[in-house]
1. Could you list, in sequence order, the residues of the range 9-42 that are part of a loop (DSSP other than H, G, I, E, B) and either acidic (Asp, Glu) or within 19 Å of Glu63 (Cα to Cα) (or both)?
2. May I ask you to list the residues in the range 55-81 that are surrounded by 19 or more Cβ atoms within 10 Å (Cβ to Cβ), out of contact with any Ser or Thr (no Cβ under 9 Å at 6 or more places or on another chain) and under 22 Å from Lys26 (Cβ atoms)?
3. With the requirement that a residue be in contact with a strand residue (DSSP E or B) (Cβ under 9 Å, 6 or more places away or on another chain) and either surrounded by fewer than 24 Cβ atoms within 10 Å (Cβ to Cβ) or among the aliphatic types (A, V, I, L, M) (or both), what does the range 100-110 give you?
Amino acid sequence: MKFYLDSNVFIYAILDRGEKGEAAGKILDAMENEKFSGATSQITFEEIVFVVWKEKGKDNAIEAGKSFLELNNLEIISVERRTDFLGLEVMKETGLKPRDALHLASMELADLTEMVTEDSDFQKIGEIKKYTLKEFLRKISK
């Protein structure tokens with residue numbers, strides 16, 4: 001089965017040296033070792049590079065972006081005009097902020113129903129199954 005990974009999974013793996021960072025790193029390792037298939041939106045790339053640039057500088061941001069693009073077993077869902085239109089509908093219906101709405105629109109267009117995220121804003125979306133980092137690690141470790 002394919003699971004949608006929110007951008008915070010990648011950002012925690014890169015920047016967090018605590019429990020969340022460790023869990024996110026294990027999830028990405030499991031994906032690369034084909035324990036599950038991953039997918040994320042093209043906007044995740046921008047989010048990763050932006051946050052790492054802000055926290056660790058341009059060179060680290062470029063390296064993080066390159067590492068993200070080289071991940072094995074990860075589908076990067078293109079954002080097209082129809083994604084943007086659907087994102088606007090999602091914003092209208094759910095009250096999600098633009099980036100979160102685009103993540104949800106990307107999921108919908110790719111027929112994905114399960115997401116790994118630490119973003120509590122997605123908790124109000126009942127149509128998808130959400131896993132925290134710890135919950136998802138337990139799920140893939142069975």
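Since every read-out is calculated from the coordinates, none of them should be taken as a lab result. Small disclaimer: the values here were computed from a predicted structure and weren't measured. Here Cβ is always computed from backbone atoms with ideal geometry, including for glycine, and neighbour counts include all displayed protein chains.
1. Answer for the range 9-42, where residues must be part of a loop (DSSP other than H, G, I, E, B) and either acidic (Asp, Glu) or within 19 Å of Glu63 (Cα to Cα) (or both): Asp16, Arg17, Glu34, Gln42.
2. Ala64
3. Across the range 100-110, the qualifying residues are Leu102, Leu104, Ala105, Met107, Leu109, Ala110.
Every residue, every condition in (1) surrounded by fewer than 19 Cβ atoms within 10 Å (Cβ to Cβ); (2) closer than 16 Å to Met1 by Cα; (3) over 15 Å from the mean Cα position of the chain (by Cα), yes or no:
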| site | (1), (2), (3) |
| --- | --- |
| Ile27 | no, yes, no |
| Trp53 | yes, no, yes |
| Thr83 | no, no, yes |
| Thr94 | yes, no, yes |
